[in-house]
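Where a number appears in this text, it was derived from the coordinates with a stated rule and is not lab data. Remember, predicted model here, so these are calculated numbers, not experimental data. Reconstructed Cβ throughout: ideal geometry from the backbone, glycine too, with neighbour counts over all protein chains shown.
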Amino acid sequence: LEQKRGAYHTSDAGHLKLQGIPCFDALITPQGKPFTVMLADQFTINWDTNTLSLEFDNTDKEGAGAGRTKRSEVVSDLEELHIVADYSSVEIFIKDSSLSFTTRYYPDQYWVDFVGDPTSVLKLWELNCTQPQ
């Protein structure tokens with residue numbers, strides 16, 4: 001995965017918004033504080049210091065979630081979250097845990113918006129990937 005990394009971005013005072021990036025590798029260090037990551041205005045990853053949830057905002061069959069709604073798990077001690085996304089999938093891994101999430105998503109446009117506490121850090125690398133035909 002590291003061999004496919006391109007441009008590097010990091011959050012500033014707990015915020016980072018990037019447009020036009022379908023494929024990325026991101027590491028979030030929340031410092032025990034809640035955060036939210038929105039992907040393409042249609043998929044939200046949220047941690048409230050006790051629960052990690054993934055939610056599709058548009059649950060229509062034609063929307064990015066293709067009929068899926070919300071999944072959540074109790075995660076009370078989150079040291080680091082790893083997100084890998086491409087044109088049609090998102091994978092989420094929790095450091096030092098066997099818990100992971102994988103989902104398909106089909107957005108019309110691609111962007112990432114991270115909002116967290118100023119002490120939280122998001123490191124994001126654009127990935128070199130090919131759009132499926």
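Annotations for the structure displayed:
- Charge tally around N128: other residues with Cβ under 9 Å, Lys/Arg +1 each, Asp/Glu -1 each, net +1.
- Of all the options L52, L122, L18, the one that moves most in a Gaussian network model of the chain with Cα springs shorter than 10 angstrom is L18.
- Spacing of the two label points (7 Å from each Cα toward its C-beta) at N50 and Q131, in nm: 4.3
- For the range 28-49 versus the range 85-125, the gap between their alpha-carbon centres in whole angstrom: 8
- Listed peptides 39-47, 112-120 by packing density, highest first (mean Cβ within 10 Å): 39-47, 112-120
- For the range 68-133, the Cα gyration tensor yields ellipsoid semi-axes of 23, 16, 12 Å (square root of five times each eigenvalue, largest first, whole Å).
- For the range 2-127: relative contact order, % (alpha-carbon pairs under 8 angstrom, 6 or more apart): 42
- Counted charge near N50, where neighbours are those whose Cβ lies closer than 14 Å (Asp, Glu -1; Lys, Arg +1): -2
- Computed from the alpha carbon positions, the gyration tensor of the chain leads to an equivalent ellipsoid with semi-axes of 21, 18, 14 Å, biggest first.
- Approximate spin-label separation Q31-A13, in nm, with each point projected 7 Å along Cα-to-Cβ: 1.3
- Between R5 and L99, the contour length at 0.36 nm per residue exceeds the Cα-Cα span by 31.4 nm.
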